[in-house]
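Heads up, the thing below is written out as structure tokens.
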Amino acid sequence: MLSVIWGLAFVAIKQATFELSPVNLALLRWFVAGACFLVLIPVIGKPKTRLERGDLPRLLVIAFANVVGYHLALYYAETTVSAGLAGLLISFAPVFVVILSALLLHERAGAKVVFALFLAVVGTLVLSVGQVSLSDLSSFIGPAEVVLSALFYAMFTVLAKPLVHKYGAPPITIWAGLLGTVMLVPLLSTSFVSQVGVLSFYGWISVLYLSILSTVLGYLIYYTLVSRGAVSRLSVQLYLAPIVSVVGGVLLLNEGVTIFTVAGGALLLLAVALVTNVRKA
């Protein structure tokens, strides 16, 4: 379910960037999500134990990486690359997750997980054939921004695991989201009001999808999953998301599909099948 929600988010982002700048899209998305989080605080926002001062710097880094770093890099990327390609290149996040989880969490990825990760990376490269040009260096800027967002994704995923174990997934989801939203406020400008004021019906549908489903529901599910198992294995399972983003881009945005799309998608599905059959990560 999370793969479907996040896979279609790339389509919603692409639609929204037709009308909103990357900064204004991030602001509007997180203002709406922040309002939802404020409503949820009395219900699920109370941590298992009182927040220790020593954990605050980690929480602030998670908030910045999640809300500011990840989303701004991704939104700027989607002004130049397709929703499908963005969804595919974000698949490099599990590479960073495996590396960071080994360094910071001392997790060991089993042989099947490593092999599945290799297949997934190959699948992603196959899917990317024809969408970048070796003769045009500017065509690499958008993809590079997506890879940067993948690095931020890995950072907040790995750094969050100790905190979700200690305080619970919902409180960390809520407080990281609210802190990150505050970090975005200095980017507010007069263009925000003017662009939001003329936002179309489809623009609002995209923003509400991103805010309520992809952010509030999506991150609550994700941090809950992070608290339950090895993040290296979970990250590979989410390789279903780029397949959803490609299909969504084709059906909703009329983006192209080639034999490379089919071949790369098959490799990603095989990778997911392998990792979900691993009993010990």
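Annotation: Gly168 fulfils all but one of (1) modelled with pLDDT under 90; (2) more than 22 Å from Ala9 (Cβ to Cβ); the unmet one is (1).
Determine whether region 47-58 contains at least one residue that is under 17 Å from Phe152 (Cα atoms) and surrounded by fewer than 19 Cβ atoms within 10 Å (Cβ to Cβ). Yes: one or more hits. Taken as a whole, the condition of being β-branched (Val, Ile, Thr), surrounded by 23 or more Cβ atoms within 10 Å (Cβ to Cβ) and either touching a helix residue (DSSP H, G or I) at 6+ places or on another chain (Cβ under 7 Å) or at pLDDT 95 or above (or both) applies to Val246.
Counting residues that are at pLDDT below 90, which helices (runs of 4 or more DSSP H) fully inside region 45-162 reach at least 1? Where helices (runs of 4 or more DSSP H) fall fully within region 45-162 and carry at least 1 residues being at pLDDT below 90, they are 71-77, 83-89, 93-104, 111-128.
Within region 16-40, if we keep just the residues that are among the hydrophobic types (A, V, I, L, M, F, W, C) and within 13 Å of Leu179 (Cβ to Cβ), the residue that is farthest from the chain's Cα centre (by Cα) turns out to be Leu38. Among the conditions (1) modelled with pLDDT under 95; (2) more than 28 Å from Leu163 (Cα to Cα), Val23 misses just one, which is (1). Residue pairs whose Cβ atoms lie under 9 Å apart, sitting 6 or more positions apart in sequence or on different chains, and linking a residue in region 255-268 that is more than 20 Å from Leu117 (Cβ to Cβ) and at pLDDT below 75 to a partner that is assigned to a helix (DSSP H, G or I) and of a type in the set (D, E, K, R), are Glu255/Lys14.
The values are calculated or read from the model by the stated rules, or taken from the named source; none is laboratory data. Being a predicted model, the structure only gives us computed values, none of them experimental. When we count neighbours, we look across all protein chains shown, and the Cβ atoms used for this are built from the backbone with ideal geometry, even at glycine.
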